[in-house]
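The values are calculated or read from the model by the stated rules, or taken from the named source; none is laboratory data. This one's a predicted model, so the numbers in the text were calculated from it and none came from an experiment. Heads up, the Cβs are rebuilt from the backbone with ideal geometry, glycines too, and the neighbour counts pull from every protein chain shown. These area figures cover heavy atoms from the full protein model, side chains too; ligands, DNA and RNA do not enter into them. Shrake-Rupley method; radii C 1.70, N 1.55, O 1.52, S 1.80 Å.
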Amino acid sequence: GAKVNIRNKEGQTALMQACFKGYLAVVRALIEAGAKVDAYEKKLRLTALHFTAIGGHLDVAELLIESGAKVNWNGITGQTALMFASIEGHLDVVRALMEGGANIHAADNVGQTPLIYACNYYTLPIHFTVYVCLILTDKGKRFHRLKLVFVGILIAATVLASPGVAVIWLIYTVV
């Protein structure tokens, strides 16, 4: 059989390349042939899921998650697939990663979280997804009613004014 985990000169596997391009049928075939979903390239330690998040391919992301990809793997800079999806503005991939268990509180090597990336790099829909997720995935902790009202005001302010200011304020008051 073919060596499905062989690497190119950049240290990337065929699975990583197929994921970046969004070739679902190729990704499926490679996984079925034994490709390692959590193999990482040598330079930045990015996995196939990172490449999928950068490319914004929902169907491929879902397949990788179903195949056991580590959604919280961080590369050499500490960035997770969720951070890359937030940077690129791939809302559907952001949602899939969060539903797959991605840690929305994870910080990279310089302390930036997916929420910070969302407000620094992209537009309103990502902001909504990430900080509404902060509320919904509080893992059993109860927010004080006043905080919920405050969060609602921040969401309204984000819609009507500057998203960056409201989101940064939210990080300091809720998280």
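Can you tell me which of (1) part of a loop (DSSP other than H, G, I, E, B); (2) without any contact (Cβ under 8 Å) to a residue 24 or more places away in the chain is the one Gly68 doesn't meet?
Evaluating Gly68 over (1) part of a loop (DSSP other than H, G, I, E, B); (2) without any contact (Cβ under 8 Å) to a residue 24 or more places away in the chain leaves (2) as the failure.
Per-residue answers, yes or no, for (1) open to solvent by 30 Å² or more (accessible area, probe 1.4 Å); (2) touching a residue at least 40 places away in the same chain (Cβ under 8 Å):
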{"site": "Gly56", "(1), (2)": "no, no"}
{"site": "Ser86", "(1), (2)": "no, yes"}
{"site": "Val94", "(1), (2)": "no, no"}
{"site": "Glu99", "(1), (2)": "yes, no"}
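Among the residues of the range 10-25, what is the count of those that are in contact (Cβ under 8 Å) with a residue 12 or more places away in the chain and not in a loop (DSSP other than H, G, I, E, B)?
Total satisfying the criteria: 10.
Given (1) surrounded by fewer than 17 Cβ atoms within 10 Å (Cβ to Cβ); (2) touching a residue at least 12 places away in the same chain (Cβ under 8 Å), identify the lone condition not met by Ala61.
Of (1) surrounded by fewer than 17 Cβ atoms within 10 Å (Cβ to Cβ); (2) touching a residue at least 12 places away in the same chain (Cβ under 8 Å), only one is false for Ala61: (1).
So, in the range 64-84, how many residues would count as being surrounded by fewer than 24 Cβ atoms within 10 Å (Cβ to Cβ), closer than 20 Å to Leu24 by Cα and of a type in the set (Phe, Trp, Tyr)?
Count: 0.
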